[in-house]
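Input: a single structure, listed below in structure tokens.
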Amino acid sequence: MKQRGRPVRGLIGGFLLGIFLDLDLALAGIVKLDSVVLTILPIVLLVVGLLLGLWAPLGRKPEPARTLSSSLPPAVPWPESAPTGGATSAPAPPSSPATPDEPPPASPV
Amino acid sequence: MRLIRILVAAAIIVAVPALSATAAHATIKGPCRASGTINGATYTATQPSAVIPRTGDVKWKGSVSTGSGKRNIEGKVYLKLPPPFGKIVIGNGSWNGPSSSYSNSGTYHYDLPSVLVGPKFTLFGHHSERGNVVCTGSIDLRIAGSRLKNPALIASIVLTILALVNLSLVIRAKGSRA
């Protein structure tokens, strides 16, 4: 299964973090109320949140190694003469019809 | 990992100059004078910053030293907010129309909420005569009091922590249980 990030949640989360950081900076008197930082920060964090959401580096499972499957031999169809369903040996090949009139081979002795 | 390094570098490049830059506030330019007295302390337009009480009566005075006769005047005292927000005119700090007066004074009572304790405001003002701006001025203001008692700041810090936790959850891939 392909793993994906959360870009929309990252975008909204980044923007909200920017707004609240803005409030912290302004209310604590770290930046002046007319500072352009208060405008830039939510936009920057919005983009950062989007990128982090797209990337989502935590919790990704490693991709399976592909070199193993490529080294395997190609698949071969199961032969009809092969044992199936609990058979332990191949069925006997059809024997040639014996002719009673034919004499047995002569013994060399 | 490389992306994080690039983002951090970009943040430093943008944030450090922006945070450390301070606007060079000239206090007042032009043939004008302005001052205010709050609880016996006088604040003049020549000082770059002031810390004022949260509640009080300000006895204000303003004058233009040049000109004579009746003319059209216009002026404002306002706070600038970051873009895209505009300006907020303070109290009754706005005047407009024909006038033969070259000075004015009065008393203004103010009672500011505790959520305004802590922020640094820059108060701007200008005065125009016959359509031309003749005076501009600004002063950095802070309201006296402990910023740690500001309920808005405490709420904002809590919300910031929650937003950080939320953003840290975003960097997990979908379907992971880690």
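None of the figures in this text is laboratory data; all of them are computed from the coordinates on show. Worth saying up front: this structure is predicted, and the values here are computed from it rather than measured. Cβ sites come from the backbone with ideal geometry, for glycine too, and all protein chains shown count toward neighbours.
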*Quick one: if you take sqrt(5λ) for each eigenvalue of the C-alpha gyration tensor of the range B:125-178, what semi-axes come out, biggest first, whole angstrom?*
48, 20, 6
*For B:155-165, mean number of other protein chain Cβ atoms within 10 Å*: 5
*Mind listing the long-range amide H neighbours of A:Arg60? Cut-off is under 5 Å, sequence gap 5 or more, other chains count too, H placed in the peptide plane at 1.01 Å from N.*
B:Ala173
*Which whole number gives the average, over all residues in A:20-26, of C-beta atoms from other chains lying within 10 Å of the residue C-beta?*
6
*asked:* If I take R0 = 35 Å and measure r between the Cβ atoms of A:Leu58 and B:Val115 in this structure, what FRET efficiency does the formula 1/(1 + (r/R0)^6) give, to the nearest 0.05?
replied: 0.40
*In the neighborhood of A:Gly14, defined by Cβ-to-Cβ distances under 13 Å, what is the net charge if each Lys or Arg adds +1 and each Asp or Glu adds -1?*
+1
*Assuming 1.567 mPa s and 4 °C, estimate D for the range B:82-178 with Stokes-Einstein, Rh taken as the Kirkwood radius over Cα pairs, in µm²/s.*
70
*Length released on extending from B:Ala144 to B:Ser49, taking residue separation times 0.36 nm less the Cα-Cα span*: 32.9 nm
*Work through the residues other than B:Cys32 whose Cβ is under 12 Å from its Cβ and net out their charges, Lys, Arg +1 and Asp, Glu -1.*
+2
*asked:* As an exercise, use a Förster radius of 25 Å and the Cβ-Cβ distance of B:Lys29 and B:Asn104 to find the FRET efficiency, rounded to the nearest 0.05.
replied: 0.80
*For a footprinting-style exposure proxy, rank B:Phe85, A:Phe20 by other Cβ within 10 Å, fewest first.*
B:Phe85, A:Phe20
_Going through the cross-link list B:Lys149/B:Lys174; B:Lys120/B:Lys174; A:Lys32/B:Lys174; A:Lys32/B:Lys59, which pairs have a Cα-Cα distance over 32 Å in this structure?_
B:Lys149/B:Lys174; B:Lys120/B:Lys174; A:Lys32/B:Lys174
*Cβ-Cβ FRET estimate between A:Arg4 and B:Ile161, R0 fixed at 22 Å, reported to 0.05*: 0.20
